[in-house]
Amino acid sequence: MFDINPTAAAPIWRQIEEAMRRLITVGALAPGAAVPSVRDLARDLRVNPATVSRAYQRLTEAGVLSVKRGDGTYVADEPAQLKKSERHELLRDAATRYASAAISAGVAFDEAAGELESAYERLGREHRRRA
């Protein structure tokens, strides 16, 4: 489904949460679609099930996922969108990680900005194609 980076600054549960939101946003997980069980995703990612459970719990509390007792966890029929403050925090964290990676790799600002723009355009096209 996606990969996590155990050496990244972001906690693993946050990486899982962000990845699930991303899959929903780009349409890879549609409203009403079943998501992997906590155990299955933990096994696939090779992380502790409690870590996946924390991400799923946060997504459920945010209205992104819904739990059907005895049946499983699903993408909410109308997944809640991030609040403005949450979007800013998410972008700030991701921008910091990206800038850190670019600086560590010795990449100039213009080149890093160009790569970000290309990725944004590519993902936007994929999102529009699936919508």
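FYI, it's all coordinate maths here, none of it is from the lab. Since we're looking at a predicted model, the values are computed, not measured. Positions of Cβ are backbone-derived with ideal geometry, glycine not excepted, and every protein chain shown enters the neighbour counts.
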Rounded to whole angstroms and listed largest first, the alpha-carbon spread of region 12-75 along its three principal axes comes to 27, 26, 20
Could you tell me which of A101, A112, L29 has its Cα farthest along the dipole of the chain towards the positive end, charges placed at Cβ (Lys, Arg +1; Asp, Glu -1), taken about the Cα centre? L29
For region 12-75, averaging the sequence separation of alpha carbon pairs under 8 Å that lie six or more residues apart and dividing by its residue count, the contact order in percent is 40 percent
If each residue's Cβ is checked for other Cβ atoms within 10 Å, how do D110, D93 rank with the fewest at the top? D110, D93
When only alpha-carbon atoms are used, what values of Rg and Dmax, in angstrom, describe the chain? 15.9, 52
Let me have the relative contact order for region 52-131, percent, based on Cα pairs under 8 Å that are six or more residues apart. 13 percent
With a 10 Å Cβ neighbour count serving as the proxy for reagent exposure, in which order, fewest first, do T96, T25 appear? T96, T25
Per 5 Å bin, what percent of the C-alpha pairs of region 84-130 does each bin hold, from zero upward? 4, 20, 19, 23, 21, 10, 3, 0
The extension gain from T7 to T60, computed as 0.36 nm times the residue separation minus the Cα-Cα distance, is 16.5 nm
